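Only one structure is covered here, and it is reproduced in the block below.
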Amino acid sequence: MAFASTDLKKILVTNKIVEEKDLDKLEQDAKEKKQTLSGYLVTKKIIPEDKLTKLVSDFLKVPVVDLTAEKIPQDVLKIIPEPIARRHQVIAFRKKNNELDLAMTDPEDLQTREFVKKKTGFVIKPFLATDSGLEAALTQYHSNLKAEFEKILTSKKNDVKMDDKEEGSQLVKMAQEIPVVRVVDTLLEYAIFEGASDIHIEPQEKEVTVRYRIDGILHDVMTLPKVIQPALVARIKVLSNLKIDEHRLPQDGRFKIQTDQYNISFRVSTIPIFDGEKVVLRLLDEGAKAVTFEELGFARSALDIIKGNLSRSHGMTLITGPTGSGKSTTLYTVLSMLNTKGVNISTIEDPVEYRIFGVNQMQVNPKISLSFAMGLRALLRQDPNIIMIGEIRDKETAEEAVHAAMTGHIVLSTLHTNNAAGAIPRLLDIGVEPYLIASTLNTVVGQRLVRKICQDCKEIKKIDDKTAESLSRDFDLDSLVEVMKREGVEKVKRVTDLDFYEGKGCEKCNHTGYKGRMGIYEVLNVSEPVQKLIVSQATTNQIQSQAVQESMVLMWQDGFIKAHQGLTTINEVLRVTKE
């Protein structure tokens with residue numbers, strides 16, 4: 001059960017199940033085990049599940065339903081699709097006229113109740129369900145589905161061994177069957193609804209697991225019978241125009257879904273693994289509005305450096321960070337800012353993730369030897385003012401980018417490094433001459449994405465001396481205080497004097513404490529002293545040390561400042577910055 005922990009604590013103390021003094025320790029233990037307090041109490045056998053359910057039911061004045069003994073009609077069950085049922089812990093188990101009985105582990109989750117009411121048009125009657133009862137009911141989603149797929153497969157079996165062409169033809173037919181189409185449509189529709197950035201379809205030995213990446217974290221949303229796997233993969237391959245009968249090699253494709261509400265492009269990648277083919281779909285919202293630097297979360301001093309260098313007539317700006325750190329979004333934001341009628345902007349990308357009106361976008365195509373370097377050479381003959389290269393991966397591309405920056409172009413690109421200062425040794429490793437880097441590189445932005453704290457349930461959390469001592473092993477907290485003073489954020493003597501925040505979890509954030517994502521950044525300005533260090537082939541640490549002397553705010557410091565401002569949490573900053 002996932003209802004408000006304050007109410008649960010009240011119930012436990014009132015009924016003398018747990019002493020008040022032990023509650024904080026139990027809650028902390030539950031968090032460490034990644035369980036709800038109620039689930040942890042049942043697991044540790046502090047209270048039986050049925051007794052706890054009865055106490056909660058009496059407190060909330062909501063009837064209990066035993067879903068383990070409930071055979072739910074499929075037409076009622078499917079009123080709420082499985083991804084929503086799993087993620088929000090709700091099951092429709094009975095309907096009568098215009099009334100729908102809804103089993104919930106948290107009957108006080110008004111947001112989910114309202115969503116189901118709007119989606120279905122029924123009057124909602126909430127019931128309290130146990131965690132084990134809800135899990136048992138969720139398996140009923142697949143009882144009919146498995147039978148349907150086995151029937152499809154049996155009807156298509158052939159005693160004669162099929163060749164690749166016949167197998168491909170059979171898979172195409174399977175991909176067009178109504179149950180297959182329904183499952184895939186449901187996966188896609190609710191990934192869009194949940195704001196997922198990726199869908200992972202992962203075959204296991206006896207089942208297929210479906211997970212959504214939401215705010216950077218993977219969540220299990222569906223477990224499908226193994227028998228569905230060939231048809232499921234085939235359906236996605238048909239949508240993305242991939243080879244149906246190719247199971248041994250990785251493939252890449254894409255397709256689009258357009259409605260009045262959204263315009264989503266899906267980038268598809270398949271790879272062969274031991275238990276079948278794994279499929280990952282990246283969701284790209286082509287209808288999304290261009291964001292500003294301020295909305296991305298850049299501090300004022302960092303913005304001044306970026307905008308100052310972008311206003312120059314030539315030079316290179318690099319965005320660095322690991323995969324999934326928001327580099328492309330930052331690049332597109334820069335392009336949108338520079339995209340005026342007086343300039344010609346051309347890009348070479350792999351793939352083109354977002355379409356920008358007025359920008360000439362070219363896609364890499366290895367099949368015809370159209371690489372970044374070859375595309376860049378062609379672009380330079382098109383008289384562009386601004387060039388964006390999706391990624392610098394090799395010496396040839398890096399040298400072409402540097403020469404473009406030397407010959408009067410603004411060049412934008414990304415590089416995979418752990419921090420901003422690491423971009424320079426990386427370019428040297430690739431094989432670019434130090435003097436070329438020093439004379440063309442203007443700015444390097446290092447970044448990560450952190451989850452934003454839920455503004456509806458955030459509460460103040462101070463750092464105690466013990467936590468400060470632990471943090472000081474990895475971070476220079478004294479320098480953080482000085483940076484905060486310099487940036488005009490706060491004037492304190494110690495970090496323990498500062499307020500930080502955490503999200504306690506509520507209906508609006510699905511009890512995670514987080515909602516949405518934002519960036520934390522460090523911006524390296526390539527000044528004259530930094531240029532001298534580049535020419536002398538200095539280390540990452542030496543370059544970073546010089547940049548810090550010139551008032552560069554490090555990424556972790558930017559994160560701590562945002563945590564103090566109530567935008568994220570220290571735990572999130574630690575999660576993405578500790579190497």
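List of remarks:
- For the range 300-577: relative contact order, % (alpha-carbon pairs under 8 angstrom, 6 or more apart): 21
- Summarising the label geometry, the points placed 7 Å from Cα in the beta-carbon direction at Ser57 and Glu295 lie 4.8 nm from one another.
- Taking 20 Å as the straight-line reach from the Cα of Lys256, the aspartates and glutamates in range (excluding those fewer than 8 positions away in the same chain) are Asp185, Glu189, Glu194, Asp198, Asp285, Glu286, Glu349, Asp350, Glu353.
- Solvent-accessible surface of the range 5-137, averaged per residue with a 1.4 angstrom probe and all protein chains in place: 54 square angstrom.
- Rounded to 5, percent antiparallel among DSSP beta bridges of the range 14-128: 45
- By DSSP, the beta bridges lying fully in the chain are antiparallel in about 65 percent of cases.
- Computed label-point distance, nm, for sites Glu114 and Gln542 using a 7 Å Cα→Cβ extension: 6.0
- Per-residue ellipticity at 222 nm computed for the chain from its helices equals -12000 deg cm²/dmol, with DSSP H segments shorter than 4 residues left out and the rest contributing -39,500 (n - 2.57).
- Pairs from Lys25/Lys117; Lys25/Lys327; Lys96/Lys237; Lys9/Lys71; Lys10/Lys462; Lys10/Lys578 whose Cα-Cα separation, in the structure shown, is over 31 Å: Lys25/Lys117; Lys25/Lys327; Lys96/Lys237; Lys9/Lys71; Lys10/Lys578
- Distance between the range 72-112 and the range 343-410 - C-alpha centres, whole angstrom: 50
- Proximal lysines relative to Lys341, as straight alpha-carbon distance under 24 Å, when same-chain residues fewer than 8 apart are discounted: Lys289, Lys307
- Accessible-area composition of the range 1-61, carbon plus sulfur, in percent [1.4 Å probe]: 50
- Each Lys and Arg adds +1 at its Cβ and each Asp and Glu adds -1 at its Cβ; summed about the Cα centre, the chain shows a dipole of about 880 debye.
- Sum of side-chain charges, Leu60 neighbourhood, beta-carbon under 14 Å (Lys, Arg +1; Asp, Glu -1): 0
- Taking 16 Å as the straight-line reach from the Cα of Lys515, the lysines in range (excluding those fewer than 8 positions away in the same chain) are Lys452, Lys458, Lys504, Lys562.
- Only one residue of Val359, Asn241, Gln565 has its Cα farthest out toward the positive end of the dipole of the chain, where Lys and Arg carry +1 and Asp and Glu -1 on Cβ, and that residue is Asn241.
- The chymotrypsin sites (Phe, Trp or Tyr not before Pro) found in the range 326-390 that occupy coil by DSSP, while having at most 10 further C-beta atoms within 10 Å, are Phe357.
- Shape call, the range 460-534: gyration tensor on alpha carbons, a/c limit 1.5: oblate
- Restriction of the trypsin sites (Lys or Arg not before Pro) in the range 439-528 to DSSP coil positions whose beta-carbon has at most 14 other beta-carbons within 10 angstrom yields Arg473, Lys491, Lys493, Arg494.
- Measuring nothing but how far apart in sequence close Cα pairs (under 8 Å, 6+ apart) lie, relative to its length, the range 163-285 scores a relative contact order of 24 percent.
- Accessible area (Å², per residue) of the range 177-275, counting only protein heavy atoms and a probe of 1.4 Å: 47
- Only Cα pairs under 8 Å and 6+ residues apart enter the sum, and on that basis the relative contact order of the chain stands at 9 percent.
- Ligands, DNA and RNA left out, the accessible area of the range 300-577 computed with a 1.4 Å probe is 46% carbon and sulfur.
- Per residue, the convex hull around the alpha carbon atoms of the chain comes to 180 Å³.
The values are calculated or read from the model by the stated rules, or taken from the named source; none is laboratory data. Being a predicted model, the structure only gives us computed values, none of them experimental. All Cβ positions, glycine included, derive from the backbone under ideal geometry; neighbour counts span all protein chains shown. The area values use the complete protein model at the heavy-atom level, side chains included, leaving out ligands, DNA and RNA. Shrake-Rupley method; radii C 1.70, N 1.55, O 1.52, S 1.80 Å.
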